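As structure tokens, the structure follows; a few thoughts come after it.
The values are calculated or read from the model by the stated rules, or taken from the named source; none is laboratory data. This is a predicted model, so every value here is computed, not measured. Every residue, glycine among them, receives a Cβ derived from its backbone with ideal geometry; neighbour counts consider all protein chains shown.
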Amino acid sequence: MAEIAVHGSWSHQLGLDVTAALRDCFADRPGSLIIDLHGMEDDDAASLPLWLAARRAANVLRPPVQLALCLPAATNLQIRLRRIGAQRLPLYGNMIEARAAAADPSIG
């Protein structure tokens, strides 16, 4: 299991940094990857395409990497992600829930 915590206001540079971190994590082929977004500000949900691309990348790896996002409820990003369908990208409100799901795939 691998974890990444994203901190700061969403920007092009932060997106590049997160993409590099994801690439490094995927190269290690973890069974699961949890991305903690509690420290990230993204009022416009501009990061949404990156999380969808990360999900696609995780799915094409063999074996696939179980990817999950951990983020606060009632943010624009969380609302938009839920609207597109949680089955596409598992969302959790806290790291305890995300870790439990990663440890037991029958939860997620």
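One residue is enough: does region 44-57 have a residue meeting the conditions farther than 19 Å from G15 by Cα and either at pLDDT 90 or above or surrounded by fewer than 17 Cβ atoms within 10 Å (Cβ to Cβ) (or both)? Checked region 44-57: no residue is farther than 19 Å from G15 by Cα and either at pLDDT 90 or above or surrounded by fewer than 17 Cβ atoms within 10 Å (Cβ to Cβ) (or both). State whether one or more residues within region 2-9 are more than 14 Å from the chain's Cα centre (by Cα) and surrounded by fewer than 19 Cβ atoms within 10 Å (Cβ to Cβ). The answer is yes; a qualifying residue exists. Here are some residues: A98, A46. Which one is within 14 Å of I4 (Cβ to Cβ) and not aromatic (F, W, Y)? Checking each option against the conditions leaves just A98.
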